[in-house]
1. In terms of the Cα gyration tensor, with a ≥ b ≥ c the square roots of its eigenvalues, is the stretch 297-392 rounded because a/c is under 1.5, prolate because a/b exceeds b/c, or oblate?
2. Can you list the residues, at least 5 places off or on another chain, whose amide H is less than 5 Å from the amide H of V152, using H built in the peptide plane?
3. Residue by residue, what Karplus-based ³J(HN,Hα) values in Hz, rounded to whole numbers, does the stretch 162-169 have, using 6.51, -1.76 and 1.60 with θ = phi - 60° and x for Gly and Pro?
4. If you compute Cα extents along the principal axes in Å for the structure shown, which of [x] 63, 63, 38; [y] 62, 45, 43; [z] 72, 47, 34 do you land on?
5. Could you tell me the distance between the Cα centroids of the stretch 289-346 and the stretch 1-64, to the nearest Å?
6. Could you put K9, K219 in order, starting from the residue whose Cβ has the fewest other Cβ atoms within 10 Å?
7. Tell me the label-point distance for the pair S304, T149, using the 7 Å Cα-to-Cβ offset, in nm and rounded to one decimal.
8. Which percent, nearest 5, of DSSP beta bridges in the stretch 202-390 are antiparallel?
Amino acid sequence: MSLPTLRLKPHEHHRIAEGHLWVFRNELATLPPEEMGALVRVESSDGRSLGTGFSHPTSKIAVRLLGGEFETVDTAFFAHRIGQAIRLRQRLLPGEQAWRVVFGEADLLSGLIIDRYNTTVVMQMLAAGMDVRREMIIEAILQTMPDVTGIVERNSMKVREKEGLDLRDGVVWGTVPDRVRFEENGILIDVDLVGGQKTGYFLDQKVNRATIARLSAGKRVLDCFCNVGGFALNAANGSAVEALGIDSSAQAIEHARHHAEINGLEHCHFEQANVFDLLRQHVDEGRQWDIVILDPPSFAKSRSALQGARAGYAELNRTALKLIPPGGLLVSASCTQLVPEHELMDIVYREAARLRKRLRLVHRSGQAPDHPVLLAMPETLYLKFLVFDVID
């Protein structure tokens, strides 16, 4: 039985032919089938095949392509793709206990996220094409990672509502303890994989946390938006004389304090506070920090929120710079995909100029290599991590 074929409007094929995996509804000359997640073929207006993917009858993203031509998508297909992803991570990050196994589009599995924490796996299906094949994906996980003892789904993200999917979290296979322990950068971390944020932990900053550990010896370090401890723990483990983490979430601060305790980091402390308010308070008190780390949550999920996001980044960096003496470091990170690196750098430059401070960029990075970037899809490049030296 041949697959349904969707034809693009004239001149709408270029981006897709170059490797982008999303076909938008307004680019189609023919409508997708009513079945959610149906496997369809997409072709240009002159009949050239552009590959197969999962369609959606109402979503703005009408087809999520799979990066090839497939007559069927079954457990074997997912096992093959997940196996490829695992081998890449094992080559890039050997010996890690926690890592992103599948990063959606970057692994040609649009709408699917899989993370591994020791022997427990967390999966997210952000699109209908993946959600309707949930059992196939679970079986493929078990085939490719036979030592796994439990699988959790974290499918309560609001983006699922745009795909007409229900919101649900819970254990879908095996057993999962209340806290799953793993080691990262020599630090023990306990995560709540059912009730924690995202898929349990922000794995994308793994390498950047190690960078902070190397820079922190003998320094006083302020970690803003610390979540469950991340940068502050690494700074303390890297021989910082003081490390203070700030987050507005009482639950996150409770977990962060637990992590400091189980790692014996007595000089690592955490406070629940609004970061913007606390930074202003520290300025008023005349406090200084050798390293200030800004790692806020995304400030803009849509272009309509960009103006507010830019203002937020400007205020954060401006206030943080007032706390850093000459020879200190400003670490400015952003996970807002719509704010590219050059724009974040320009914001920092403008705010430093307003304060008559000179900065030099001494380190730049992004998401860890288990979050690879598909060059044809700028949407997969989102994390910016910039370290500036405040010149004496």
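Readers should treat all values here as calculations from the given coordinates under stated rules, not as data from a laboratory. Note that the coordinates shown come from a computational prediction; the quantities given were computed from them, not determined experimentally. So basically every Cβ, Gly included, is an ideal-geometry build from the backbone, and we count neighbours across all protein chains shown.
1. Working: a/c = 2.63, a/b = 1.51, b/c = 1.74.
Note, shape of the stretch 297-392 comes out oblate.
2. V121, V122, M123, V172
3. Karplus-based 3J(HN,Hα) across the stretch 162-169 equals 5, 9, x, 9, 6, 9, 7, 10 Hz.
4. [z]
5. Each part reduced to its Cα centre gives a spacing of 38 Å.
6. K9, K219
7. In this crude label model, S304 to T149 measures out at 4.7 nm.
8. On the way: 12 of 30 bridges.
The antiparallel fraction comes to roughly 40 percent.
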